[in-house]
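Below: the structure, in structure tokens.
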Amino acid sequence: MNTESPIALPARHAVPAHWQSALQTCLRAGETAVASVELDLDDSLHFAPGIVVVTDQRLLAKTAGDVEWKTWSYQQHLALAHHDHAGVGTLELHDEIRRLACWRYTLGHNPDALRVIDHFEQQRDAALTGTPVQEPEQAICPSCKAPLPADQEECPICTREIHTPPSTWTLFRLWRFARPYRGQLLAGFLLTLASTAATLVAPYLSMPLMDKVLIPYQNGQQIDVMLVASYLAGMAGAALFAWGLGWARTYILALVSERIGADLRTATYEHLLRLSLEYFGGRRTGDLMARIGSESDRICVFLSLHLLDFATDVLMIGMTAVILVSINPWLALVTLLPLPFIAWMIHVVRDKLRHGFEKIDRVWGEVTNVLADTIPGIRVVKAFAQEKREAARFREANRHNLLINDRVNKVWSLFSPTVTFLTEIGLLIVWAVGIWQVSKGDITVGVLTAFLAYIGRFYTRLDSMSRIVSVTQKAAAGAKRIFDILDHVSSVPESQNPVHLSRIEGRIDIRNIGFRYGNRAVLRGVDLSIKPGEMIGLVGHSGSGKSTLVNLICRFYDVSDGAILVDGVDIRSLPIAEYRRHIGLVLQEPFLFFGTIADNIAYGKPGATRAEIIAAARAANAHEFILRLPHGYDSMVGERGQTLSGGERQRISIARALLIDPQLLILDEATSSVDTSTEKEIQKALDNLVRGRTTIAIAHRLSTLRQADRLVVLDKGQIVEVGKHEELLAREGAYYRLYQAQQRQAENEALADLQDDIV
């Protein structure tokens, strides 16, 4: 062992710092470490440190029980295998005869383990062939085709959720929704310009009214009634004109803003519906509801009121500044003195408010999340008498919301009075300079009067414009949260060159597929061919990958490896909605919408006739209990179908799937919510309905799958057995053990019931 050789590691695959000194004692001269994975579990699954290192010459490993490093030189049949289950990853080193070593770790280290395998294979092949190792090509995101950064398995574009404070520039992205109304917006702007100009007429006419009427009258001259009448008429006409223009522009822009807000909500909701189930798995319902509802309302109010006020303020300040400079440049310069200080304060306060309002939005999402959790689950809350606990959760979320709002209000309460104070100081300075210029004869009293009238409007608009900083930042925060949804790219994208199938025969080919939830491998190397009209039963322990396989066939998710073909066409090439119209799906947990029973059965086929609805209900053994309801098929089921039993909800969901007459029928634990007698009735109907359809069924009771053409047994994400019920029992393998376990459980339950009856 050479203890002086340096550890040469690429920066992105560096050995953790706390292992480098230990590794230094093991490396040979010139040997370079290229990848490593830390271990945190021992063989008994207790937490213990360890590490596996790949170098350019061999594989090294050291665990908590090892005194010396274990090493394996690269040989032809040396291989690293990887699998994970129940949150534990396993690396196995083996040759052509036996397993040489086994290491375990929690799945947080899974990316490093996969990287170690890649580098191990590269270095082994390079050592055996004598060819240098080539840098792997940069990975490409399958959804957006963007290059993936080093050591990242997820695309930052497709999975991003921007947590940076919102920028005011985000509001300019709303032009995408305002573009269809640019004609009305232009008309509103011109009306704003004209009405603002009309409001500036009155102060301008006050100059001749003061200098040519009032001051001469104080000096003994008679008042020219016609001249006064003309000035007053001009003021009244300007005021009436400004009122009419202001009404028109307010009405037009209010209509436009409401339509922009409606388009924004619609676009956000439609985009949300197009996202994959993976997106919803990491989001709270209340937060998404708040984004589409309150955030879009806030933007609508900003566009209809505050943006209009801001445009009016800017025009008023600009026009007033031009008039003031034209009347007296020096006095105008004095008037504009507070502007730099106010602009600096706006810049400082805007940054603070930007952070504050972004926090307020997130905290408000916490409040709505509590409501979204509690109200749909009110039956569970009451069943476990947790009303006080949920009230405490809401009180805490509300208190947090109040605390964040108080912090923002503290900043805003200081800013607004300070701006008012600066404008008052500016007004006093104008008074002082104006009186000084009048005393010197540089300006008349009328000019000073007009100046003061204009300054009053100028500073009022300046104060109003400074106050709009708050609502602007609120709108920017809301726009950011909405565009976070709109910018998210679905992990199940539509094909750029879709293949259209007018009808589906039902042949399904599953070719060596793999799928991962984050770092956890759920399916690995699954191969299966299903003939048209064949009934397949999926069985296995909980977590073996049955429902995941069904989700992949329905294309709720896309496979990580391999492909799924229907009638010889990769389902990723088919339009998603067009493909799913050929699938009838009955979920393990039936979900009904608020409405009538008939509406729920016809959900997949809204134009279905009453006769078609009744036929589907009969096939699902639901017709009789529906007729016993007060209003039959027009009975309201309540939200989530709470007025019906679990078995009744399941039968309606089965009828809903059967009504669309699908070629592919998928039953995901379809009879799990019904009793044994009801299950038998449903099974009789299903025996007739599966004829001519390709059916994939998952059942927790194995006895319900005896009529399946083939049973597919899954274990740890892999297919371990395929065959008929009798064949698999005869093999006495994985299916046999599952069946025996269920039989024993059923016997124990029957014995317990008998004992209860005797007692």
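Remarks
- The accessible-area ordering, largest first, of the residues E31, E278 stands as E278, E31, per a 1.4 angstrom probe.
- Our estimate of slack between F394 and A29, defined as 0.36 nm per intervening residue step minus the Cα-Cα distance, is 125.1 nm.
- Across segment 492-503, computed HN-Hα scalar couplings (Karplus, 6.51 cos²θ - 1.76 cosθ + 1.60, θ = phi - 60°) run 10, x, 6, 5, 6, 10, x, 9, 9, 10, 5, 8 Hz from first to last residue, x flagging Gly and Pro.
- At R0 = 41 Å, FRET efficiency that the Cβ-Cβ distance of S294 and R503 yields, to 0.05: 0.35
- Take segment 507-654 with all the other protein chains still there, run a 1.4 Å probe, and you get 43 Å² of accessible area per residue.
- When segment 464-568 is reduced to its Cα atoms, the Kirkwood hydrodynamic radius in Å: 17.4 Å
- Amide H contacts under 5 Å for E721, placed H, 5+ residues apart: V713
- Links that overshoot a 24 Å alpha carbon limit, given the list K359/K410; K70/K716; K359/K388; K359/K480; K546/K724; K531/K605: K70/K716; K359/K388; K531/K605
- In this view, the solvent-accessible surface of H83, computed with a 1.4 Å probe and all protein chains in place, comes to about 50 Å².
- Probe 1.4 Å - accessible area at D599, Å² to nearest ten: 100 Å²
- Within segment 398-455, the proportion of Cα pairs with more than 13 Å between them is 69 percent.
- Stretchable slack from M636 to H18, in nm (0.36 nm times residue separation minus alpha-carbon distance): 216.0 nm
- Rounded accessible area of M345 (nearest 10 Å², 1.4 Å probe): 30 Å²
- The listed residues E732, E390 rank as E732, E390 when sorted by accessible area, largest first, using a 1.4 Å probe.
- Residues R651, R265, R737 ordered from highest to lowest accessible area at a 1.4 Å probe: R737, R265, R651.
The values are calculated or read from the model by the stated rules, or taken from the named source; none is laboratory data. Predicted model only: the values in this text are computed from it and were never measured. Note that we place each Cβ from the backbone using ideal geometry, even for glycine, and neighbour counts take in every protein chain shown. For the accessible areas, the whole protein counts, side chains as well, though only heavy atoms, and no ligand, DNA or RNA atoms are used. Shrake-Rupley method; radii C 1.70, N 1.55, O 1.52, S 1.80 Å.
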